[in-house]
Amino acid sequence: MRKSLIVISGPSGAGKTTVIKKLLQDRELKDKILFSVSHTTRKKREGEKEGEDYFFVSEKEFREMIQKGEFLEWAEVHGNLYGTHKNNVEKAEEENKILLLDIDVQGAEKIRQKMREKAVFVFIRPSSVDELKKRLISRGDTPEKEIEKRIKDAQKEIEEENKFDFVVINDKLEHAFEKLKEIVKKVISENQK
């Protein structure tokens, strides 16, 4: 069966977004992949763009979308709501592209339950919890109490990595990017058989 989704998950601060952005700019792949822009209720971070990084909506709007059944999956993470709109999947299929999803472990599990046969699951994690803590601190936008909560959540999420098809350790950005690119190319190649 054709794989139409690549679900990329891992703890907050593991570098998922950075690696994915690099992948989307890759000349060899950019016409074959599409990024699934999630909806969220969290506040926009400096440098983030509406419709490119996320669709930023109010909690009321998000809950109305849940009621209408508009999400393929959604979850509450660190007190904010995140969801993958069904339109993203339809658009990728219409354009015959692989849809990349940057979602948390809860969301990945929901996709696994609904669309296991259409998806490849990749877990990205830092080389250590200490490295993760350094990354979260260096962002400069997360209060210390929140960082501690995210570290605890990350430790639980890392325990789930054995449920994923691939694990990429993001110790060096270039290495993680090459590994993820290799996975994407393999999925594209398998689909062409």
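The values are calculated or read from the model by the stated rules, or taken from the named source; none is laboratory data. Not measured: the values here are computed from a predicted model. Counting neighbours? That spans all protein chains shown, and the Cβs are built from the backbone with ideal geometry, glycine included. These area figures cover heavy atoms from the full protein model, side chains too; ligands, DNA and RNA do not enter into them. Shrake-Rupley method; radii C 1.70, N 1.55, O 1.52, S 1.80 Å.
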(request) Evaluate the relative contact order of segment 108-193 (contact order divided by residue number), counting alpha-carbon pairs under 8 angstrom at least 6 apart; express in whole percent. (result) 36
(request) Over the chain, with every protein chain in place, what whole percent of the accessible area is carbon and sulfur at 1.4 Å, could you tell me? (result) 47
(message) Just to confirm, what accessible area per residue do you get for the chain at 1.4 Å probe, in whole Å²?
(response) 55
(request) Mind pulling the per residue volume of the convex hull built on the Cα atoms of the chain? Å³ is fine. (result) 118
(message) Contact order normalised by length for segment 1-125, with contacts defined as Cα pairs under 8 Å and 6 or more residues apart; what percent is it?
(response) 46
(request) Could you size up the charge dipole of segment 55-192 around its Cα centre, putting +1 on the beta carbon of Lys and Arg and -1 on that of Asp and Glu, and report it in debye to the nearest 20? (result) 80
(request) Find which of GLY83, GLN192, PHE177 sits farthest along the positive direction of the dipole of the chain, computed with +1 on the beta-carbon of Lys and Arg, -1 on that of Asp and Glu, about the Cα centre. (result) GLN192
(request) Scale the Cα Rg of segment 10-91 by the rule-of-thumb value 2.2 N^0.38 Å and send over the ratio, two decimals. (result) 1.15
(request) May I have the pair-distance distribution P(r) for segment 7-52, computed from all Cα-Cα distances with 5 Å bins from 0 and rounded to whole percent? (result) 4, 16, 25, 30, 18, 7, 1
(message) I need the P(r) histogram for segment 74-158: all alpha carbon pairs, bin width 10 Å from 0 out to the longest distance, whole percents.
(response) 14, 40, 29, 16, 1
(request) Specify which residue in the list ILE33, MET65, PHE55 is farthest towards the positive end of the charge dipole of segment 28-72, using unit charges on the beta carbon of Lys, Arg (+1) and Asp, Glu (-1), about the Cα centre. (result) MET65
(message) From zero outward in steps of 5 Å, how is the percent of C-alpha pairs of segment 112-193 spread across the bins?
(response) 3, 13, 19, 19, 18, 13, 9, 4, 2, 0
